[in-house]
Ligand code: SF4
Ligand code: SF4
């Protein structure tokens with residue numbers, strides 16, 4: 001393993017956007033133009049057309065156990081690798097009526113045991129707390145995909161205590177344990193704010209043995225390479241974060257970058273799209289097919305429409321059935337999607353390459369092979 005100098009960060013650092021701090025009124029205090037995201041999106045290369053022709057194996061859904069809900073695209077950060085293109089100026093946000101429909105769905109479908117909240121920064125949705133309380137009251141496990149810096153945003157002063165009080169599991173982005181690399185990918189000052197956030201969560205019991213408060217971290221590579229073996233990197237993270245900052249956490253999830261949205265567009269710009277796809281295809285492992293997240297997770301967008309996964313959501317590939325071009329959560333009946341065919345495309349190789357990749361990290365312990373341009 002390489003010395004702990006870069007966590008696999010490298011190629012896209014120069015394209016990093018500085019963190020934009022926003023308050024609850026969503027004003028961009030850093031003074032970036034309000035149409036920044038619109039113009040960025042307009043200048044992005046679409047990758048869907050490069051992905052639709054595929055030889056990825058067919059997949060069928062099983063019973064839904066997890067609802068992964070996107071509460072909106074607003075975020076206090078604008079990370080280079082964000083597959084949602086989230087940022088301070090995005091206005092898409094789940095309405096209170098759609099939140100009510102989600103709660104009604106939980107009531108009608110007790111087999112759904114996990115509510116996985118994502119965004120943007122899901123905590124910026126004004127109905128975040130209400131949804132959390134409703135789900136926990138029904139005995140549903142709640143996961144908050146938290147970027148850590150949100151804990152310091154104006155109006156979020158009580159967020160950490162709220163999450164702890166309701167035993168919400170936290171999955172936090174932390175793409176490296178070194179300041180330079182995190183700030184290059186996620187914005188200046190993000191590393192320090194993230195460490196302060198982790199320390200605040202630790203003080204509440206998160207990540208501490210026996211507390212029952214789960215704190216997991218997420219790593220993704222910077223460049224066009226696969227994640228390093230999860231177990232080894234987790235050990236390195238734990239050693240470094242404890243010795244330098246006294247920080248503890250439960251698990252590290254290593255996720256592969258998907259060739260879509262900002263990351264996919266960057267690959268196209270650099271002429272690396274086909275090389276990256278070849279890397280993913282050549283590292284495909286059949287054994288990972290059994291555990292990819294679309295088998296038992298249903299992705300819900302901010303308007304309440306359904307997808308096989310968050311990546312399909314961002315590619316605009318909704319679940320279709322019986323001539324309906326898309327399905328709304330309010331119209332979904334129990335077991336309606338069991339054994340339904342998943343909408344696959346070439347990006348699916350990002351889930352099955354090497355050790356595999358899902359919302360819960362690696363799918364297997366098999367280390368990536370030598371031709372995968374290891375990060376560590
Ligand atoms: S913190 Fe997460 S949602 Fe926000 S811009 Fe970064 S990757 Fe996207
Ligand atoms: S990208 Fe989505 S649909 Fe494709 S294998 Fe992964 S989870 Fe399933």
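The values are calculated or read from the model by the stated rules, or taken from the named source; none is laboratory data. Because the structure is predicted, anything quoted here is derived from the model rather than measured. Here Cβ is always computed from backbone atoms with ideal geometry, including for glycine, and neighbour counts include all displayed protein chains.
When residues in the range 186-195 are screened for being surrounded by fewer than 23 Cβ atoms within 10 Å (Cβ to Cβ) and either away from ligand 1 (no atom under 16 Å from the Cβ) or outside any helix (DSSP H, G or I) (or both), 2 of them pass.
Being touching a helix residue (DSSP H, G or I) at 6+ places or on another chain (Cβ under 8 Å), over 11 Å from residue 348 (Cβ atoms) and near ligand 2 (Cβ under 9 Å from one of its atoms) is the filter here, so list the residues in the range 294-314 that pass it. Matches in the range 294-314: 299, 307. Scanning the range 77-102 for residues that are crowded, with 20+ Cβ neighbours inside 10 Å and more than 16 Å from ligand 1 (Cβ to nearest atom) gives 98, 99, 102.
Filtered by the rule that a residue be assigned to a loop (DSSP other than H, G, I, E, B) and touching a strand residue (DSSP E or B) at 6+ places or on another chain (Cβ under 9 Å), the range 248-291 gives 248, 249, 250, 251, 255, 256, 283, 285. Taken over the range 288-321, the criterion of being within 19 Å of residue 115 (Cβ to Cβ) and surrounded by fewer than 21 Cβ atoms within 10 Å (Cβ to Cβ) is satisfied by 295, 296, 303, 305.
When you go through 67, 71, 40, 48 one by one, which is the residue that is over 22 Å from residue 147 (Cβ atoms) and either surrounded by 15 or more Cβ atoms within 10 Å (Cβ to Cβ) or modelled with pLDDT of 95 or more (or both)?
Values: 67 fails: over 22 Å from residue 147 (Cβ atoms); 71 fails: over 22 Å from residue 147 (Cβ atoms); 40 fails: over 22 Å from residue 147 (Cβ atoms).
Selected residue: 48, the only one of 67, 71, 40, 48 that is over 22 Å from residue 147 (Cβ atoms) and either surrounded by 15 or more Cβ atoms within 10 Å (Cβ to Cβ) or modelled with pLDDT of 95 or more (or both).
In the set (1) free of Cβ contacts under 8 Å to residues at least 60 places away in the same chain; (2) in contact with a helix residue (DSSP H, G or I) (Cβ under 8 Å, 6 or more places away or on another chain); (3) part of a helix (DSSP H, G or I); (4) surrounded by 21 or more Cβ atoms within 10 Å (Cβ to Cβ), the condition left unmet by residue 199 is number (4).
Among the residues examined, residue 211 qualifies as in a loop (DSSP other than H, G, I, E, B) and more than 18 Å from the chain's Cα centre (by Cα).
Checking the structure you have, find out if any residue of the range 89-111 is within 16 Å of ligand 2 (Cβ to nearest atom) and under 22 Å from residue 300 (Cα atoms).
Looking only at the range 89-111, we keep the residues that are within 16 Å of ligand 2 (Cβ to nearest atom), and these are none.
Looking for residues that are within 16 Å of ligand 2 (Cβ to nearest atom) and under 22 Å from residue 300 (Cα atoms), one finds none in the range 89-111, hence no.
Residue count for the range 322-364, restricted to those that are surrounded by 19 or more Cβ atoms within 10 Å (Cβ to Cβ) and assigned to a strand (DSSP E or B): 3.
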